[in-house]
1. Take segment A:145-154 and flag every residue that is in contact with a Gly (Cβ under 9 Å, 6 or more places away or on another chain) and in a helix (DSSP H, G or I).
2. I'd like to verify a number: residues in segment A:88-123 that are more than 11 Å from chain B (Cβ to nearest Cβ), open to solvent by less than 30 Å² (accessible area, probe 1.4 Å) and over 24 Å from B:Ser91 (Cα atoms), how many?
3. Hey, any hits in segment A:24-37 for a residue that's open to solvent by less than 70 Å² (accessible area, probe 1.4 Å) and within 13 Å of chain B (Cβ to nearest Cβ)?
4. Working only within segment B:23-38, note down all residues that are in a helix (DSSP H, G or I) and more than 10 Å from DNA strand C (Cβ to nearest atom).
5. Just to check your reading of the model, which residue among A:Val149, A:Val167, A:Val142 is facing chain B (nearest Cβ under 7 Å), open to solvent by less than 50 Å² (accessible area, probe 1.4 Å) and closer than 20 Å to B:Arg175 by Cα?
6. May I ask you to verify whether B:Lys60 is more than 12 Å from DNA strand C (Cβ to nearest atom), closer than 26 Å to A:Ser91 by Cβ, open to solvent by 40 Å² or more (accessible area, probe 1.4 Å) and not aromatic (Phe, Trp, Tyr)?
7. Run down B:Ala48, B:Ala53, B:Ala41 and say which single residue is surrounded by fewer than 18 Cβ atoms within 10 Å (Cβ to Cβ), within 16 Å of DNA strand D (Cβ to nearest atom) and in a helix (DSSP H, G or I).
8. Of B:Asp20, B:Asp15, which residue is of a type in the set (Asp, Glu), open to solvent by less than 70 Å² (accessible area, probe 1.4 Å), at pLDDT 95 or above and within 16 Å of DNA strand C (Cβ to nearest atom)?
Protein chains: 2
Amino acid sequence: MDATGVLLETVAYRDLKVVDIAREAGTSPATFYQYFPDVEAAMLAMAADLGEAWHDDLSKLITNRDWEGDPDGSAHRVADGMLEFWTRHKSVLRVLDMASMEGDLRFRGIRTNLLAGATEALMGLAARRDTPGDPRASAGVVVGMLAHVANHQHGLERWGVSHDLLVETVAGIIRRTILGVA
Amino acid sequence: MDATGVLLETVAYRDLKVVDIAREAGTSPATFYQYFPDVEAAMLAMAADLGEAWHDDLSKLITNRDWEGDPDGSAHRVADGMLEFWTRHKSVLRVLDMASMEGDLRFRGIRTNLLAGATEALMGLAARRDTPGDPRASAGVVVGMLAHVANHQHGLERWGVSHDLLVETVAGIIRRTILGVA
DNA sequence: CGCGTATCTGATACCCCGTCAGGTACCGGC
DNA sequence: GCCGGTACCTGACGGGGTATCAGATACGCG
């Protein structure tokens, strides 16, 4: 799995071969097949691990905030934290995202669970503050936006939107959509 | 390219083989290679076609609106139109998205160009109305959000967010982020 | 030392990739 | 009707990745 992660940093998922993973891990392809039936299974395991490890942290990122006293700073902290998390694990999250889009139910389950912590925290926040609009839909869309922006961060920067400006903009949307504060 | 499109509806990009495309097109693999050096090149061509065909339509979707008289309805119309467009071409757009995430500059160029019409239209709208926040960043993030929501529409529906509610929520974010109307 | 268990790997059948030389169809000039 | 040109298609093949299995190797334990 480590070797898979390393290769995924530089190689497109489509071109990720068992032979290369085995070579990177200093072993033979046959050994790989003792642990996983195919590359997809290895990715599934990596995604599951990531979900396990971060489910709680992501929800804490939202709940451990003083939303009443400092809504603006809190929104910033959340935006920044999510972007940072996504950047750190982008290669795995990319595959997770793509497989979910393609309708793979196992990956989608992991993705839903990984984001559930964050989404439910935002949902509760929106409900408690009586923000107009459906809390579930708002939270889901906001989390999705965060994921997408994180994935295309590099593209947006090339297009002339700096990291700070991005955080600023995303924080604004969180504030207005979840907290209902202009 | 038609055969590729058909297969992409049911098969993951990772598992899209030249043999299958050739079979679907009722020809031999060697024929495929007369037109494209590999599967990626075929996808590139399909994405480019899509960009060509929709660049203008997507910007018209935004500019052909009575934003002053009916901001709410206009935002709805835009949200719905983008989601519909994405749904119609989801298989190609999925690949476009993924390749862009993975840093492929050719795909990213096409994606930027495809979205440029819509993004610039929103940018102009935000600038004209003196909406707080950077117009470029706001427009970029909003368009990204639309793309992401469209890609994960099915997942959100499974999670309990109906299509109508999604359009409603997204329209709200457009209204507040671009128009500055609560 | 000897046995059981766990782990690894060389060898292999199969499939897909990408290329080339050589076919086939069509067309315009004679 | 023949003929040469052009465009397009394909069978055949070397190269390489996939997935499997039988057999080798390492290790723990009485």
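1. Let us first name the residues in segment A:145-154 that are in contact with a Gly (Cβ under 9 Å, 6 or more places away or on another chain), namely A:145, A:148-149, A:151-152, A:154.
The answer is A:Met145, A:His148, A:Val149, A:Asn151, A:His154.
2. Final tally of qualifying residues: 5.
3. No, because not a single residue in segment A:24-37 is open to solvent by less than 70 Å² (accessible area, probe 1.4 Å) and within 13 Å of chain B (Cβ to nearest Cβ).
4. The initial filter retains those residues of segment B:23-38 that are in a helix (DSSP H, G or I), namely B:23-24, B:29-35.
Selection gives B:Glu24, B:Tyr35.
5. Details: A:Val167 fails: facing chain B (nearest Cβ under 7 Å); A:Val142 fails: facing chain B (nearest Cβ under 7 Å).
Going through A:Val149, A:Val167, A:Val142 in turn, just one is facing chain B (nearest Cβ under 7 Å), open to solvent by less than 50 Å² (accessible area, probe 1.4 Å) and closer than 20 Å to B:Arg175 by Cα: A:Val149.
6. On the way: more than 12 Å from DNA strand C (Cβ to nearest atom): yes; closer than 26 Å to A:Ser91 by Cβ: no; open to solvent by 40 Å² or more (accessible area, probe 1.4 Å): yes; not aromatic (Phe, Trp, Tyr): yes.
Answer is no for this residue.
7. On the way: B:Ala48 fails: within 16 Å of DNA strand D (Cβ to nearest atom); B:Ala53 fails: within 16 Å of DNA strand D (Cβ to nearest atom).
Only one candidate qualifies: B:Ala41.
8. Details: B:Asp15 fails: open to solvent by less than 70 Å² (accessible area, probe 1.4 Å).
Within the list B:Asp20, B:Asp15, the selection yields B:Asp20.
The values are calculated or read from the model by the stated rules, or taken from the named source; none is laboratory data. All of these numbers come straight from a predicted model, not from anything done at the bench. As a convention, Cβ positions derive from the backbone with ideal geometry for all residues, glycine included, and neighbour counts pool all protein chains shown. Note: areas computed on protein heavy atoms with side chains; ligands, DNA, RNA excluded. Shrake-Rupley method; radii C 1.70, N 1.55, O 1.52, S 1.80 Å.
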